[in-house]
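Report on the structure given below.
The values are calculated or read from the model by the stated rules, or taken from the named source; none is laboratory data. Remember, it's a predicted structure, so these values are computed and weren't measured experimentally. Counting neighbours? That spans all protein chains shown, and the Cβs are built from the backbone with ideal geometry, glycine included.
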Amino acid sequence: MLRRWWNYLKAWFGAASDKAMDPEIEIQMAIDDAKKTDQELRNQAAKVIAHTTQLESKIEKSADGVGESREMAKQALMKAEESKASGDSAAQQKWTRAAQSLAMKLQAEENNLNSLKDQYGVAVSQSDKAKQAVQSNAMKLQELSAKRMELLGSLQQAKMQEAVNAAVDSMSSTMSDANPSLDQVEEKIETRKATAMANAELREATPQGAEAELREAINLAQADAKLEELKAELGITTTGDSIPAPETSPTETGEFQ
């Protein structure tokens, strides 16, 4: 049970940390790690290459020493032969011992030279591998830098889209909260129409409604009668033909006096 709770807590904290991490910071952290690795590889490669250069110098000096010891050993042997030819046994022994000593020195220097050459071969191989590692990591670093630009561009687009979405959601929320929808307006209008029609029907069903309808009918009848009276004064017949009035002068009728 404790292990389950511990795994749960680790998963929860891991998810929380993933949400809290800024992608831009994570990208920069990856770039920084790659740069650190690249610098470490360069430092190691520099040490290997420097060691190779030092071995080259040592090999050159050791070869010079071998050549010198070989030449001196030859000279000692020649001196011993000359002393032997002259019958000087003491000088012969001296130069023979000198030749032996120089031969031992020559052998040691040759061994040292061979050892240096072996080390140099290993150092050259390590140097090549180190250079390849540096070149490979440099290419990865360039790829990461290019990927960083791409990811940052995508991140900015995502942020812009999130901002647009938030603005649209805010506008939609504001509009829905502050202003009625068209469906709501249409429903209000239909409700008012239905209410008005219902009130009209109820009004007609009451005595007051009947009285109002009767008064309206009487008014219409009186208006029709008045129109007929006016038509008669004007000489307008009901068929649309008019009777012209006699032409009289103003003096004859006494008008406009």
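List of remarks:
- Residue match in the range 19-38 (condition: part of a helix (DSSP H, G or I), out of contact with any Leu (no Cβ under 9 Å at 6 or more places or on another chain), modelled with pLDDT of 85 or more and not β-branched (Val, Ile, Thr)): yes
- The residues on offer are LYS47, LYS58, and the sole one that is assigned to a helix (DSSP H, G or I) and touching a Phe, Trp or Tyr at 6+ places or on another chain (Cβ under 9 Å) is LYS58.
- Residue pairs whose Cβ atoms lie under 7 Å apart, separated by 6 or more positions or on different chains, with the first residue in the range 30-57 and in the same structural domain as ASN112 (by TED's automatic domain parsing) and closer than 16 Å to ALA133 by Cβ and the second of a type in the set (Val, Ile, Thr) and surrounded by 14 or more Cβ atoms within 10 Å (Cβ to Cβ), are LEU41/VAL134; ARG42/VAL134; ALA45/VAL134; THR52/VAL124.
- Complete set of residues in the range 22-41 that are closer than 13 Å to ARG148 by Cα and of a type in the set (Val, Ile, Thr): ILE25, ILE27, ILE31
- When the range 108-118 is limited to residues that are over 14 Å from GLU68 (Cβ atoms) and surrounded by fewer than 16 Cβ atoms within 10 Å (Cβ to Cβ), the one that is farthest from the chain's Cα centre (by Cα) turns out to be ASN111.
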